[in-house]
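Reading through the structure tokens given below for one structure.
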Amino acid sequence: MPHIYAIANQKGGVGKTTTSVNLAASLAHLGKRVLLVDLDPQGNATMGSGVDKSQLEFSIYEVLTDQASFTQACVACADAGYDLLPANDDLTAAEVELLSVADKEQRLKTVLANTESNTESNTENYDYVIIDCPPSLNMLTVNALVAADSVIIPMQCEYYALEGLTALVNTIAQVAKVANSGLRVEGILRTMYDARSSLTLEVSDQLHHHFGKRVYQTVIPRNVRLAEAPSYGKPALLYDRLSKGAVAYLGLADEILRRRDKSASANKEGAATTVSGREAG
């Protein structure tokens, strides 16, 4: 089964969609099978992947409300290297409709885990699923958190961002308590990073103090080419692969993969130790 990341921050303009699109493209570039789920009614991740949200026959809205299947809505973004569950402003209606549905917090989890033809789940063929959350703590975001294994939080190094981070971490803890016991904060990603700013460095130090190793070593710099890429419907890797933004997201993808490998190795060693202890006993 794939590892599912929710890219979440209730504050807008922090690089959440930019991170979702470019992380998906970077993981795909490194040979991973990736599904990007656009869960934001603005549909920016859809447009940034080169898909016209106004021309969609089916979107994540129809999938969540049982009007279309995963297969019908899923789009192959061949150039970017990943598949996409697209979104448009129809998704706004899903928030209202889900309120009257049983297990409303579980709808996205059900969609991703659903088995077709009794063979495999919708996401069985992927290594990673990236969910681009809306910039608010609403029912769609809750669905993403319930479906996810872990959360990546993009944020700028400013004081207001720190205040919002506290609220988001509390929400993640609450969801973990009542609906998804395995959910955790995977990492804090510093975006629009300017090492020349004393405020950036000060807030960055605070993040390290409170979150330690969960703060990614990789930082995403302010970069014109990274900002331009969405208007061409391309991840930065396709728009200008030598730009600082594209290189940074490749570095992030590599750091995430190294963390996953390290975690998997630690789990194997722990399991081996347990087995050895039982045999010795």
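The values are calculated or read from the model by the stated rules, or taken from the named source; none is laboratory data. Computed from a predicted structure; not experimentally measured. Note that each Cβ is placed from the backbone with ideal geometry, even for glycine, and that neighbours are counted across all protein chains shown.
How many residues does the stretch 183-218 contain that are more than 19 Å from the chain's Cα centre (by Cα) and under 17 Å from L250 (Cα atoms)?
1
Could you check, for the stretch 65-77, whether at least one of its residues is under 22 Å from N138 (Cα atoms) and in contact (Cβ under 8 Å) with a residue 24 or more places away in the chain?
Checking the stretch 65-77: at least one residue is under 22 Å from N138 (Cα atoms) and in contact (Cβ under 8 Å) with a residue 24 or more places away in the chain.
Give me a count of the residues in the stretch 59-73 that are in a loop (DSSP other than H, G, I, E, B) and under 27 Å from S26 (Cβ atoms). If you could, list the steps in order and put the result at the bottom.
Here is the first cut: in the stretch 59-73, the residues in a loop (DSSP other than H, G, I, E, B) are 59, 65-69.
In the following step, the residues that additionally are under 27 Å from S26 (Cβ atoms) were identified as 59.
Matching residues across the stretch 59-73 total 1.
Name the residue, out of L36, L23, that is in contact with a helix residue (DSSP H, G or I) (Cβ under 8 Å, 6 or more places away or on another chain) and part of a helix (DSSP H, G or I).
When all the criteria are applied, what remains is L23.
Yes or no: the stretch 202-220 includes at least one residue that is free of Cβ contacts under 8 Å to residues at least 24 places away in the same chain and of a type in the set (A, V, I, L, M, F, W, C).
No, the stretch 202-220 contains no residue that is free of Cβ contacts under 8 Å to residues at least 24 places away in the same chain and of a type in the set (A, V, I, L, M, F, W, C).
Name the residue, out of G187, G233, that is in contact with a strand residue (DSSP E or B) (Cβ under 8 Å, 6 or more places away or on another chain), closer than 22 Å to A45 by Cα, at pLDDT 95 or above and crowded, with 16+ Cβ neighbours inside 10 Å. Before you say what the answer is, go through the steps one by one.
Values: G233 fails: in contact with a strand residue (DSSP E or B) (Cβ under 8 Å, 6 or more places away or on another chain).
Matching residue, one of G187, G233: G187.
Look through the stretch 147-159, keep the residues that are at pLDDT below 90 and part of a loop (DSSP other than H, G, I, E, B), and return whichever of them is nearest to the chain's Cα centre (by Cα).
Kept after step one, since they are at pLDDT below 90, are these residues of the stretch 147-159: 157-159.
Pick out the ones that are also part of a loop (DSSP other than H, G, I, E, B) and you get 157-158.
Numbers: C157: 20, E158: 22 Å.
Ranking the candidates gives C157 first.
Quick one: which of T65, T46, T19 is of a type in the set (V, I, T), closer than 24 Å to C157 by Cβ and either at pLDDT below 95 or in contact with a Pro (Cβ under 8 Å, 6 or more places away or on another chain) (or both)? Write out each step before concluding.
Values: T65 fails: closer than 24 Å to C157 by Cβ; T46 fails: closer than 24 Å to C157 by Cβ.
Residue meeting the stated conditions: T19.
Give A144, A76, A80 a once-over and let me know the one that is surrounded by 23 or more Cβ atoms within 10 Å (Cβ to Cβ), at negative phi and not in a helix (DSSP H, G or I).
Within the list A144, A76, A80, the selection yields A80.
Just to be sure I understand the filter: pairs with C-beta atoms under 7 Å, separated by 6 or more residues or on different chains, first member in the stretch 90-101 and buried (at least 17 other Cβ atoms within 10 Å of the Cβ), second member among the β-branched types (V, I, T) and modelled with pLDDT of 85 or more. Which pairs pass?
L91/I60; A94/T65
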